[in-house]
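To start, the structure itself, in structure tokens.
The values are calculated or read from the model by the stated rules, or taken from the named source; none is laboratory data. Because the structure is predicted, anything quoted here is derived from the model rather than measured. Backbone-built Cβ (ideal geometry, glycine too); neighbour counts: all protein chains shown. When the accessible area is computed, the model is the full protein with side chains, heavy atoms only, and any ligands, DNA or RNA have been set aside. Shrake-Rupley method; radii C 1.70, N 1.55, O 1.52, S 1.80 Å.
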Amino acid sequence: MREVDIAVIGAGIAGLTAAATAGRHGASVLLVDRLGVGGQVLTVDRIENFPGSPEPIAGVELGPMLQEQAENWGAELMLAEIAGISEEEDRIVLDCDGERVVCRALIVAAGSTRRALGVPGEEALEGKGVSHCASCDGPMFRGMKVIVVGGGDSAFDEAMVLSEQADEVVLAYRGAVPRAQKKAIERIAAAENVTERPRTTVEAIEGGDVVTGVRLKNLETGDSTTESADGVFVYIGLTPNTGFLNGVVELDEAGRIVTDALMRSSHPRIFAAGDIRAGSAGLLASCAGDGATAAVEAVRTLAGEGEARAAE
């Protein structure tokens, strides 16, 4: 059994910032993640909106940099899957692959996973042309044609990365206009090998051993057509990783943790940070801010309990 002041679940931007902040305030901190540091940011080729970085930075550089900062302030990293959460008196107990971690306060920054299209062929062709990471898999599609699905920032940013590798990129999204930021939209408009398909959805992904085509539906006309393609990159939103909480804290209808402005959940010892919480802006800067706020409030909560006990 391991016992710490504060445990942080999730080693993405929010979790790493929370761990560093809590450690800097003198708390003993354990950072738990099932895969390693960085979270989804590791799949991003160019990050242009992280505070303090005037030049674009790759996710594979930013994640380890924040890890080093957290470790410099005493935070430890544990690679484990969270099987469950329980309480023992005034402590929170985490079941980490059979090992018990006991903490006085918990910060949940487990992030989200990419949402699937849920169409025929998608699951069978995952890793065989269906991908969620342009920087990881883009080089395999040099000189080929790919379909990018989604109208938000991630879809437009990843389509831009793919435009530098693939011969042709088709960017399909449901809305009449994209939801991405203006700068990303302008870049795509200037890319000669990217074609936008607004009001378009994917009905099926076709192929045997690999992706060979995609059936697209025009939402305005109702017509469906099959278009040849070598790869499909899906960026249609995120599903919060809150399944392991099992009713310990209040969630909203989308499954995100409900918090106040200080990142406090419905449980007095559990805090949330990043896009796993309801109302998150989802930007890297806001996720880092969430992590810092959650850590400071967790430290204050523990300090208040200590003062109360001393006064008894």
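Per-residue Karplus couplings for segment 246-253, computed as 6.51 cos²θ - 1.76 cosθ + 1.60 with θ equal to phi - 60°, are listed in order as 6, x, 5, 10, 6, 10, 8, 5 Hz, Gly and Pro entered as x. Magnitude of the charge dipole for segment 242-299, about its Cα centre and with charges confined to Cβ atoms of Lys, Arg (+1) and Asp, Glu (-1), is about 140 debye.
Max-minus-min Cα coordinates of segment 75-234 on each principal axis give 60, 38, 32 Å, with the largest extent listed first. Subtracting the Cα-Cα distance of GLU305 and GLU227 from their residue separation scaled by 0.36 nm leaves 21.8 nm. Karplus-derived 3J(HN,Hα) values for segment 100-105, using 6.51 cos²θ - 1.76 cosθ + 1.60 with θ = phi - 60°, are 8, 10, 10, 9, 7, 8 Hz; glycine and proline are entered as x. In the chain, the longest principal axis of the Cα atoms and the axis of helix 284-311 are about 10 degrees apart.
Based on the alpha-carbon gyration tensor of segment 166-241 and its eigenvalue square roots a ≥ b ≥ c, which shape applies: rounded if a/c is under 1.5, prolate if not and a/b is larger than b/c, or oblate?
Note, shape of segment 166-241 comes out rounded.
Full extension of the chain between GLU220 and GLU68 yields a length gain of 49.7 nm, computed as 0.36 nm times the residue separation minus the alpha carbon distance. Can you give me the % of accessible surface on segment 16-130 that is carbon or sulfur? Probe 1.4 Å, all protein chains present, nothing else counted. So the carbon and sulfur contribution to the accessible surface is 48 percent. Around the Cα centre of the chain, unit charges on the Cβ atoms of Lys, Arg, Asp and Glu (plus for the first two, minus for the last two) sum to a dipole of about 520 debye. ILE57 sits among other residues whose Cβ lies under 9 Å from its own Cβ, and their net charge, with Lys and Arg +1 and Asp and Glu -1, is -2. Assign unit charges at the C-beta atoms only (+1 for Lys and Arg, -1 for Asp and Glu), then state the dipole size of segment 41-138 relative to its Cα centre in Debye, rounded to the nearest 20. It comes to approximately 300 debye.
For segment 170-175, backbone phi angles converted through the Karplus equation (6.51, -1.76, 1.60; θ = phi - 60°) give residue-by-residue couplings of 10, 10, 10, 8, 6, x Hz, Gly and Pro being listed as x.
Taking Cα Rg over 2.2 N^0.38 Å as the quantity of interest, determine which of [x] 1.10; [y] 1.03; [z] 0.95 was computed from the displayed structure. Identified label for the calculated read-out: [x]. Only protein heavy atoms count here; on that basis, with a 1.4 Å probe, VAL202 has an accessible area of about 20 Å². Helices in the chain, meaning DSSP H runs of at least 4 residues, each add -39500 (n - 2.57). Divided by all residues, the mean residue ellipticity at 222 nm is -8000 deg cm²/dmol.
Taking the chain as a whole, the Cys residues whose C-beta sits 4.7 Å or farther from every other Cys C-beta are CYS96, CYS103, CYS287.
Taking amide H as placed 1.01 Å from N in the peptide plane, the amide H of ARG34 sits under 5 Å from that of ALA80, each at least 5 places away or on another chain. Other residues with beta-carbon under 11 Å from the beta-carbon of GLY138 carry, at +1 per Lys or Arg and -1 per Asp or Glu, a net charge of -3. In this structure the amide hydrogen of LEU251, modeled in the peptide plane, comes within under 5 Å of the amide hydrogens of VAL258, none closer than 5 places in sequence on its chain. For segment 190-312, what does the alpha-carbon gyration tensor say about shape, rounded, prolate or oblate, given a ≥ b ≥ c as the root eigenvalues, a/c under 1.5 as rounded, and a/b over b/c as prolate? Prolate is the answer for segment 190-312, as a/c is 1.5 or above and a/b outweighs b/c.
Once the piece of chain linking GLU164 and LEU283 is laid out straight, how much longer is it, given 0.36 nm per residue of separation minus the C-alpha distance between them? Intermediate results must be reported in sequence, preceding the final value.
Working: separation 119, 0.36 × 119 = 42.84 nm, distance 2.45 nm.
The span from GLU164 to LEU283 would gain 40.4 nm if fully extended.
Calculate I(q)/I(0) for segment 1-160 by the Debye formula, one identical point scatterer on each C-alpha and no solvent, and give its log10 at q = 0.14 Å⁻¹ to two decimals. Result of the Debye calculation: -0.81. Straight Cα distances below 26 angstrom link LYS128 to the lysines LYS145, LYS217, with same-chain residues fewer than 8 positions distant left out.
Annotation: amide H of GLU196 within the under-5 Å range of LEU171, sequence separation 5 or more or interchain, hydrogens built in the peptide plane.
Can you tell me, using C-alpha contacts under 8 Å and at least 6 residues apart, the relative contact order of the chain as a whole percent? Working shown, then result.
Working: 734 pairs, mean separation 64.4, N = 312.
Relative contact order, the chain: 21 percent.
Using a probe of 1.4 angstrom and keeping all protein chains present, the accessible surface of segment 190-297 works out to 44 square angstrom per residue. Which angle between 0 and 90 degrees, to the nearest 10, do you get for helix 153-163 versus the longest principal axis of the chain when only C-alpha atoms count? Between helix and principal axis, roughly 50 degrees.
When the square roots of the Cα gyration tensor eigenvalues are ordered a ≥ b ≥ c, the ratio a/c for segment 59-99 is 1.5 or more and a/b exceeds b/c, which makes its shape prolate. Of the residues GLY26, CYS136, GLY52, the one whose Cα sits farthest towards the positive end of the charge dipole of the chain is GLY52 (charges of +1 on Lys and Arg Cβ, -1 on Asp and Glu Cβ, taken about the Cα centre).
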